[in-house]
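J.: Dropping the structure in here first, questions after.
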Amino acid sequence: MWEGVKLLMERLPAGHPEQAYLKKEFHRYEAGWKGEQRLVAKMVEFHWGEPYELLWDVGLKLGDWKVQMDGLLVTERCVIVISSKNISGRIHFDAVTSEFYRFNNEGEKMVMDDPQVQLAKHIRFLELWLKRRKISHPLIDGVVVFTPRHCEFIAKPADKHICKTYQAVETLYKILEAHVISADSPKPSRIRKVIESNSHPYERPPLCEYYRIDPRDLRTGVKCSECGKIAVERLFKVWECKECGHRDPNAHLQALQEYFALVSSEIDNKEFRRFSGIESIYVASRMLADSELVKIGSNKNRKYRVQIK
């Protein structure tokens, strides 16, 4: 997500009114991604003597109910849902009011959604999801891992699995040691295969729609794959950057991917020409035909969209 926000910022004029907000969004998503990477790196220390499978970014659905789980640890003792949270500051879980809030470095209080609620929903979802596939499963448990380098627990429930990144491996060991293997526990490899064969990654709408930005506000043109400037012009069968001189015959493919991420899941010849700056309808048609996109409709009204694999 943070990479998409960066693309959106690069495509908007520097003085666009949404730039300041998008900058905050970019740093928030980037920090979350870095926190998840620290957690993934920490898990190299996890060594369990029994068979297990560790899955990241698990997207599943039941009808219209879609979930995206940060991680799953699948063992014969239990399945553990791992929820990564990038929330810094002084963390409070209020046992009396059931409120969750934090104080930032300036002492400002922010009431937020309790991550335990989302974790409970994911556990309930996974129980039903496995049941629908007639998979007898061990207990499903969960842990919330706070990934920022700077966070302090002021109050948290003693009976819940909530920890920081550096505590994650030991917390997982404690959860596993509290459970036993049941006679009908399926092999972790079987659950992994079922999950992977039914994977349904989260599909976020194009970012202009998500942030309610008029796509016509975006700067058009093809971006240089070397210097990143939107300063590429089409020469004979090749794109050349006016800033650094880099040449690339396929620079328009990146422009197409940016369009799909920012504007719409579909594009036609006219819109491709507007966004990329190509003048010739025939050159644009050839590029679209050669780009391995899915063709929709007749020649006159043909549109193209990304191939779903």
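The values are calculated or read from the model by the stated rules, or taken from the named source; none is laboratory data. Note that the structure is predicted; figures quoted are calculated from it, not measured. For neighbour counting, all protein chains shown are included, and Cβ atoms are generated from backbone atoms with ideal geometry for every residue, glycine included.
J.: So which residues in region 288-302 are closer than 26 Å to Ile213 by Cβ and more than 27 Å from the chain's Cα centre (by Cα)?
T.: Correct list: Leu288, Ile296.
J.: What pairs come up if the first residue lies in region 51-67 and is touching a residue at least 60 places away in the same chain (Cβ under 8 Å) and in a strand (DSSP E or B), the second is small (Gly, Ala, Ser) and surrounded by 14 or more Cβ atoms within 10 Å (Cβ to Cβ), and their beta carbons are under 9 Å apart, counting only those six or more places apart or on different chains?
T.: Close Cβ pairs satisfying both conditions: Leu55/Gly71; Asp57/Gly71; Val58/Gly71; Lys66/Gly59.
J.: Can you tell which of Glu106, Glu18, Glu30 is more than 19 Å from Lys164 (Cα to Cα) and modelled with pLDDT under 95?
T.: Glu106
J.: Working only within region 108-141, note down all residues that are outside any helix (DSSP H, G or I), under 21 Å from Ser182 (Cα atoms) and of a type in the set (A, V, I, L, M, F, W, C).
T.: Ile135, Leu139, Ile140
J.: Name the residue, out of Lys131, Lys121, Lys160, Lys85, that is surrounded by fewer than 18 Cβ atoms within 10 Å (Cβ to Cβ), more than 17 Å from Leu54 (Cβ to Cβ) and touching a helix residue (DSSP H, G or I) at 6+ places or on another chain (Cβ under 7 Å).
T.: Just one listed residue meets the conditions, Lys160.
J.: Being more than 24 Å from Arg11 (Cβ to Cβ) and assigned to a helix (DSSP H, G or I) is the requirement here; does Arg286 meet it?
T.: It is true that Arg286 is more than 24 Å from Arg11 (Cβ to Cβ) and assigned to a helix (DSSP H, G or I).
J.: Report, by residue number, each residue of region 87-107 that is touching a Lys or Arg at 6+ places or on another chain (Cβ under 7 Å) and not in a strand (DSSP E or B).
T.: Within region 87-107, Ile87 is the sole residue that qualifies.
J.: Related question: Just to be sure, is Thr165 of a type in the set (Val, Ile, Thr) and within 22 Å of the chain's Cα centre (by Cα)?
T.: In short, yes.
J.: Now for a different question. When you go through Leu8, Leu73, Leu22 one by one, which is the residue that is buried (at least 17 other Cβ atoms within 10 Å of the Cβ), of a type in the set (A, V, I, L, M) and touching a strand residue (DSSP E or B) at 6+ places or on another chain (Cβ under 7 Å)?
T.: Leu73
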